[in-house]
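Below: the structure, in structure tokens.
The values are calculated or read from the model by the stated rules, or taken from the named source; none is laboratory data. Every value quoted in this text rests on a predicted model; they were computed, and no experiment measured them. Backbone-built Cβ (ideal geometry, glycine too); neighbour counts: all protein chains shown.
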Amino acid sequence: MKIGALALKDNVLLAPMAGITDLPFRSIVRGFGCSLAFTEMVSANGLVREAGKTCRYLDSSPADRPLGVQIFGSDPRTLAEAARIAAGKGADLIDVNMGCPVRKVIKTGSGAALMRDPNRAAAVLDAVRKATDLPLTVKIRAGWRPRERNALEIGRIAEACGVDAVILHPRTVDQGFGGLSDWGLIAALKAQSRIPIIGSGDVRRPGDAVRMLDETGCDAVMVGRGSLGSPWIIGDILIRLAGGVPVPMPLARREETIRRHLALASDYYGEKVGTRDFRKHLLWYTKGLRGSAQFRQVAGQITDQASVWRALEAYFHTLSSDEPDDGDDPALRDP
């Protein structure tokens, strides 16, 4: 898999997710074989203003490579400058967000709102392309609503502007993350394109990734929400693509992963903030395990790392099986 001059060892990527794909989470996913991961969505305005919190989204490590930096905004010059800043801070790839459906983003003309203005979308991509020689991608949606599906048009614009690959999440903005994504649109975009097309949407288990590649002909798959609580899913997908059969994550390794992730989060943010922010991951990690509802009630109130250690030890000690018992683990749900 190549995106511009960037050669990847495989074609399974970790999606940018606001509030999720920080350095600690990316570090965990990298440990399961992820070759290309993306930062959280980074404000171009924040980068240009050198806002401390925004700049911290670019934090990385030697093991966190190659790294894609996703920027968002609506002004071509600001986005171009943000791309230059990200490149200067060590980004390996720049991605322009034209798919975010969140209201506070689209009301500024950013994210998926750019798809409603193809001329501005072209101006943004042209400006960013001229600002950096790094591999450049753009992440888009199907369109604004069913009667305004223009992903194919934006795909043509992106290719004409010199974008190296297009990432398509084939839901409309008004769908949010509900309903089903239209993989047929990924196939149509691939059929018209000479650059790589990366499919995203509804890849929740290894078999989904295999089906997406087979059904759409896309060059790569991007995993987003399917990695929540299952950061090993990319490794499982790679096993499936190699003809193997992934085995369910043993409880001992699951607990070890949770502890390692919490330690990374606490070191990165400080214990108080890191532990508080990690509670959402605790809920995802334990979903589907026996007695998880009771544990998640406790976990949702925990504020210090020592309490998390104690709660985890007590909870996992009560689990007599080495596998989730209700089929909610992605590896178990894979056909």
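Below is a table of values for the structure above.
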read-out: Candidates Ala242, Ala220, Ala252, filtered to the one that is touching a Pro at 6+ places or on another chain (Cβ under 7 Å), of a type outside the set (Val, Ile, Thr) and either at pLDDT 95 or above or farther than 24 Å from Leu185 by Cα (or both); value: Ala220
read-out: Scope the range 300-315; condition exposed (fewer than 14 other Cβ atoms within 10 Å of the Cβ) and not in a helix (DSSP H, G or I); matching residues; value: Gly300, Gln301, Thr303, Asp304
read-out: Condition met for Leu14 (in the same structural domain as Arg205 (by TED's automatic domain parsing), more than 19 Å from Gly111 (Cβ to Cβ), in contact (Cβ under 8 Å) with a residue 40 or more places away in the chain and touching a Lys or Arg at 6+ places or on another chain (Cβ under 8 Å)); value: yes
read-out: Subset of the range 132-152 [within 19 Å of Met1 (Cβ to Cβ) and either in contact with a helix residue (DSSP H, G or I) (Cβ under 9 Å, 6 or more places away or on another chain) or among the polar types (S, T, N, Q) (or both)]; value: Leu134, Leu136, Thr137, Val138
read-out: Selected residue (criterion: surrounded by the most Cβ atoms within 10 Å (Cβ to Cβ)) from residues of the range 176-196 that are in contact (Cβ under 8 Å) with a residue 40 or more places away in the chain and more than 17 Å from Leu228 (Cβ to Cβ); value: Leu185
read-out: All positions within the range 209-249 that are in a loop (DSSP other than H, G, I, E, B) and either farther than 19 Å from Ser27 by Cβ or of a type in the set (A, V, I, L, M) (or both); value: Gly217, Cys218, Asp219, Leu228, Ala242, Gly243, Gly244, Val245, Pro246, Val247, Pro248, Met249
read-out: Residue within the range 123-135 that is over 26 Å from Gly19 (Cα atoms), touching a Ser or Thr at 6+ places or on another chain (Cβ under 7 Å) and assigned by TED's automatic domain parsing to the domain that holds Leu185 present; value: no
read-out: Among the candidates Gly207, Gly270, Gly288, Gly217, residue that is in the same structural domain as Ser181 (by TED's automatic domain parsing), out of contact with any Ser or Thr (no Cβ under 7 Å at 6 or more places or on another chain) and at positive phi; value: Gly217
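So that you can scan it fast, the table gives a plain yes or no per residue for (1) assigned to a loop (DSSP other than H, G, I, E, B); (2) buried (at least 17 other Cβ atoms within 10 Å of the Cβ); (3) without any contact (Cβ under 8 Å) to a residue 12 or more places away in the chain:
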| residue | (1), (2), (3) |
| --- | --- |
| Thr257 | no, yes, no |
| His261 | no, yes, no |
| Leu264 | no, yes, no |
| Lys272 | no, no, no |
| Arg276 | no, no, no |
| Leu282 | no, yes, no |
| Leu289 | yes, yes, no |
| Arg296 | no, yes, no |
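The rows are residues; the columns are (1) outside any helix (DSSP H, G or I); (2) farther than 29 Å from Trp284 by Cβ.
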| position | (1), (2) |
| --- | --- |
| Ala18 | yes, no |
| Thr21 | yes, no |
| Phe25 | no, no |
| Val29 | no, no |
| Asn45 | no, yes |
| Lys53 | no, no |
| Asp64 | yes, no |
| Ala83 | no, yes |
